[in-house]
Amino acid sequence: MQRRPAIVAYDIADDRTRRGALRVLREWRLDGQLSVHECLLDAAEAEELFVQLSEVLDPKTDRLLLAWLHTRRPVLALGKGRADGTARPLWHIH
């Protein structure tokens, strides 16, 4: 299966649950910022990520979104990068 870039975003009410979700996502993500993370996944990996996150999240109070990105669209970078040059670019669709 082909891996594609995806954005995983969440809105989690509880701090402890948020830390648990971040622990799971650190294994999968390329980069991230607060509650939005860039991942490179195929369909099976995306399903496994959702299974792992569902063990942490409370469906009554928490929200999770995975959005596949189209790599053929032009990349639009907004904002300023880190001065030390360690930031990797995120995919932005226009």
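Just so you know, all these numbers are worked out from the coordinates, no wet-lab data involved. The structure displayed is predicted, hence computed values, not measured ones. As a convention, Cβ positions derive from the backbone with ideal geometry for all residues, glycine included, and neighbour counts pool all protein chains shown.
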I want to check the label-to-label distance for Phe50 and Leu65. Put each point 7 Å from Cα in the C-beta direction and report it in nm to one decimal.
1.6
Based on the mean of other beta carbon atoms within 10 Å per residue, what is the order of 62-72, 46-56, most packed first?
46-56, 62-72
Please list, ordered by chain and number, the residues whose modelled amide H lies under 5 Å from the amide H of Arg4; skip anything fewer than 5 residues away on the same chain.
Leu41, Asp42
Given 4 °C and 1.567 mPa s, how large is the Stokes-Einstein diffusion coefficient of segment 1-82 in µm²/s, with Rh as the Kirkwood radius over Cα pairs?
96
Starting from the Cα of Gln33, step 7 Å along the direction of its Cβ; do the same at Arg16; then give the gap between the two resulting points in nm.
3.1
